[in-house]
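The values are calculated or read from the model by the stated rules, or taken from the named source; none is laboratory data. Every value quoted in this text rests on a predicted model; they were computed, and no experiment measured them. Note: ideal-geometry Cβ built from the backbone for every residue, glycine included; neighbour counts use all protein chains shown. Calculation scope for accessible area: heavy atoms of the full protein, side chains included, ligands and nucleic acids excluded. Shrake-Rupley method; radii C 1.70, N 1.55, O 1.52, S 1.80 Å.
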Amino acid sequence: MSPRTLYLRLAFAEVVTWTLLILGMIGKYGFGLEWATLVGGSIHGFVFLCYVVATLAVWTDKKWSAGTGILGLASAVIPYATVPFERSVERRGLLDGPWRLAPGGEAPRTLPERLLAFAVRSPVVALLVTLVVVAVVFTLLLWAGKPTEWFS
């Protein structure tokens, strides 16, 4: 899967899950359906974490500037902002081409590049490791409770 395809799919998935979360909030606060935010929020949280991982991977591979990378991460926090961000980096050519660190490509130099090169060269293992890491982080966040109660 190319960086462009990965990023497009996850940007769109973020939009879909934002919609689920907002519908869940309407269900909870408008109709008293306590479970609605749990479902929408859980799905959105998982896709959010996947989008963050993908943003870090594409940022590293395409050598985005710090500003572009941070804006990519921030776009996941603002409802529906991932697609306009993805379109913007696409228009500027920042998603062009295959993975730079794929087999036969550039040699990785930094730790993030080495990790990404491993992921691109061993995608099944990397996918499993990524899913486990995302699941662990997701579980820890669920264990921590509602974000509104973290500092109270």
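For P98, indicate whether it is touching a residue at least 60 places away in the same chain (Cβ under 8 Å), touching a Ser or Thr at 6+ places or on another chain (Cβ under 7 Å) and open to solvent by 20 Å² or more (accessible area, probe 1.4 Å).
Here the answer is yes, as P98 does meet what is asked.
Going through region 113-131 one residue at a time, which ones are open to solvent by 90 Å² or more (accessible area, probe 1.4 Å) and not basic (K, R)?
Selection gives L115, F118, V124, L127, L128.
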